[in-house]
Amino acid sequence: MKNNVIEKVVSAILSALPEGKKFYSLHEPSFEGNEWKYVKECLDTGWVSSVGKFVDEFEKKLAEFTGAKIAVAAVNGTSALQICLKLIGVSNGDEVLTSALTFVATSNAISYCGGIPHFVDSDFSTLGICTKKLRGYLKDITEIKNNECINKITGNRIKAIVPMHVFGHPVDMDPLIEIADEFHIVVVEDAAESLGSYYKGRHTGTIGKIAALSFNGNKTITTGGGGAIITNDIELGKLAKHLTTTAKVAHKWEYFHDMCGYNFRLPNICAALGCAQLEQLPAFLDNKRKLAEKYRKAFEGVPEVSFFTEPSYGKSNYWLNTIVLKEDFISLRDELLEKTNSMGIQTRPAWCLNSSLPMYQNCPKMILSTAEILEKSLINIPSSQNLFQKL
Ligand SMILES: *Cc1c(COP(=O)(O)O)cnc(C)c1O
């Protein structure tokens, strides 16, 4: 009976994938466009480093694609998020609300600013922050003093909330923004996984005050390593550019810096890759949707698990396809991971809850009952865009 379920899951996965590959990776990059041409241009002209036309073009194209008023490229998604939090004023001892179920970079970026992650529970239907639990929780543990939200238990200020769009599925942003406004908390989106995902027609990352994107090698598009800050607040965006460089005041020869800049610039040679990748993004997204649809159909015949589909209010980029083991079958997770990985089908569980990692185990948190179940029941399955295209 147990083996039967594992066999069914394996054959559902394989039925959605092209035949005859020895290894199906979880998410690998595709370079099928102008990547060689643009990178060669960097090498030929010598413009490989921190300034160059591809950086400017990449930022412009990113703003166009997402509909954000301004985009600033950065060296990776983690540093982009760090700068977002710094810019909206997170500083020593401030608490920042975020899901316990997220990649560790979210919590790390909060820490780099001197902030303390404060973990909140997830929602079964979105995998993101549960807004229904959030409001009651904040009512119980906070008070508003001088337009600031104070945690009555710790005495710290709660400065920001970081919704993370898990595996590309958009968080329910309207109630989240409403709660944030009510409690004087700034919304910073971790949109690292959600390039090409939309909430009620708006690109993720353009709904809160400011957001971070990632172009790591395993993301929907890649610049090798890279990230970006997007915002509709042009002044904040300009400050982001200033801080991610060396905060040099523009002048022909003078080296005068008016802030402690971070030098988190994306090299031109990486931006060249990014420009080529962005040209292919619509096709990548289309392929990823089609692959997800194949999986959805294949898993209709496996009642022991469900294939996670986008929330009805939004559109997911299906960055990582996800199956959810139903309660009675959670115990099969490790065996299933073992079996698939041994067959060359790369699968992995969701992240360990950040609240249980050594450096964050003493951080404030609400009861994380849903996140704890999700942690045990989610499995990511192969999701590269070329797994559809190559059929
Ligand atoms: C990928 C990712 C980041 C940023 O990652 P980098 O590797 O620094 O680009 C941040 N948050 C989440 C949730 C991510 O998945």
Kirkwood hydrodynamic radius (C-alpha pairs) into Stokes-Einstein, the stretch 35-279, 10 °C and 1.306 mPa s, D in µm²/s: 87
Cut-off under 5 Å, modelled amide H: who pairs with residue 74 long-range: 227, 228, 229, 266
Amide H contacts of residue 191 (H built 1.01 Å from N, under 5 Å, at least 5 apart or other chain): 212
Sequence ranges 253-261, 78-86, 353-361, 163-171, ranked by mean other-Cβ count within 10 angstrom, highest first: 163-171, 78-86, 353-361, 253-261
Centroid-to-centroid separation of the stretch 179-238 and the stretch 348-391 [C-alpha atoms, Å]: 20
Calculated from backbone phi, Karplus (6.51, -1.76, 1.60) coupling profile of the stretch 87-98 in Hz, x at Gly/Pro: 5, 8, x, 5, 9, 2, x, 6, 8, 10, 6, 7
Cα gyration tensor, the stretch 253-391 - rounded (a/c under 1.5), prolate or oblate: oblate
The chain: calculated mean residue ellipticity at 222 nm from DSSP helix runs of at least 4, using -39500 (n - 2.57): -11500 deg cm²/dmol
Cα gyration tensor, the stretch 1-137 - rounded (a/c under 1.5), prolate or oblate: oblate
Packing rank of 123-133, 92-102, where each peptide gets the mean count of other beta carbons within 10 Å, highest leading: 92-102, 123-133
Dimensionless Rg/Rh of the stretch 196-334 - Kirkwood Rh, Rg from C-alpha atoms: 1.12
Fraction of accessible area attributable to carbon and sulfur, the stretch 35-279 (%, probe 1.4 Å): 55
The stretch 100-245 shape via C-alpha gyration tensor axes, a/c threshold 1.5: prolate
Whole-Hz ³J(HN,Hα) from phi, Karplus 6.51 cos²θ - 1.76 cosθ + 1.60, for the stretch 235-252, glycine and proline x: 4, 5, x, 5, 5, 4, 4, 4, 6, 7, 9, 10, 6, 7, 7, 4, 6, 4
Trypsin sites (Lys or Arg not before Pro) restricted to DSSP loop in the stretch 202-286 with at most 11 other C-beta within 10 Å: 252
Of all DSSP beta bridges in the chain, antiparallel share, percent nearest 5: 65
Cross-link pairs beyond the 29 Å C-alpha cut-off, checked among 326/365; 132/315; 132/241; 60/297: 132/241; 60/297
Solvent-accessible heavy-atom area per residue, rounded to whole Å², over the stretch 35-279 at 1.4 Å: 39
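The values are calculated or read from the model by the stated rules, or taken from the named source; none is laboratory data. Every value quoted in this text rests on a predicted model; they were computed, and no experiment measured them. Don't worry about glycine lacking a Cβ; one is built from the backbone with ideal geometry, like all the others, and counts go over all protein chains shown. The protein model used for the area step is the full one, side chains on, heavy atoms only, and it has no ligands, DNA or RNA in it. Shrake-Rupley method; radii C 1.70, N 1.55, O 1.52, S 1.80 Å.
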